[in-house]
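Student: Below is the structure I would like to discuss, written out as structure tokens.
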Amino acid sequence: MRAEGDRERVLIIEDARKSAALLVETAKRELEAQKNDLEKELKGKVAEIAFMAAEKVLLKIIDQKANKELVGQFLKELESKGAKYKLGN
């Protein structure tokens, strides 16, 4: 009887170890999958922020250039309308 009880105890312990190992392995796989998902999400967010920053810089450059062109064009139009509008005279 004692030998049978010892054998059952060993089987229960082995089964518990296998279950624990399976739980640990499952948790590792889930954590790895979550890590991969978060990395993808982070890369996407970084790319989005970089794009928005580049867009703001480009818009600022374009706006400055466009403003200079508009002012230049306006001044040329003023000068072409008549001598009373000429600059520097």
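Only the coordinates and a few stated rules stand behind these numbers; no lab work does. Everything quoted here is computed from the prediction, not taken from an experiment. A quick note on method: Cβ atoms are made from the backbone with ideal geometry, for glycine too, and the neighbour counts reach across all protein chains shown.
Student: Let me know the charge dipole size of the stretch 2-85 about its Cα centre in debye, to the nearest 20, where only the beta-carbon of Lys, Arg (+1) and Asp, Glu (-1) is charged. Display every interim value, and only then the final one.
Tutor: Numbers: 18 positive and 17 negative charges, 120 e Å.
Taking the Cα centre of the stretch 2-85 as origin, the dipole is about 580 debye.
Student: Looking at LEU70, SER19, LEU38, which one has the Cα that reaches farthest to the positive end of the dipole of the chain (charges on Cβ: Lys, Arg +1; Asp, Glu -1)?
Tutor: LEU70
Student: Suppose only helical runs count, i.e. DSSP H with n ≥ 4. What mean residue ellipticity at 222 nm does that imply for the chain under -39500 (n - 2.57) per run, divided by all residues and rounded to the nearest 500 deg cm²/dmol?
Tutor: On the way: 1 runs with 80 residues, N = 89.
Helix-only estimate at 222 nm: -34500 deg cm²/dmol.
Student: Expressed in nm², what is the orientationally averaged projection area of the convex hull enclosing the Cα positions of the stretch 2-85?
Tutor: One quarter of the hull surface, i.e. the mean projection, equals 6.6 nm².
Student: What's the tally of Lys pairs in the stretch 2-85 whose alpha-carbon atoms lie under 27 angstrom apart, where the two lysines are 8 or more places apart or on different chains?
Tutor: So the count works out to 22.
Student: Can you tell me the FRET efficiency between ARG2 and LEU22 if r is taken as the Cβ-Cβ distance and R0 is 35 Å, rounded to the nearest 0.05? The partial results should precede the final answer.
Tutor: On the way: r = 30 Å, r/R0 = 0.87.
So the FRET efficiency works out to roughly 0.70.
Student: Right, another one. Under a GNM of the chain (C-alpha, springs under 10 Å), which listed residue has the highest mean-square fluctuation: ASP37, ASP63, ASP15?
Tutor: Between ASP37, ASP63, ASP15, it is ASP15 that shows the largest mean-square fluctuation.
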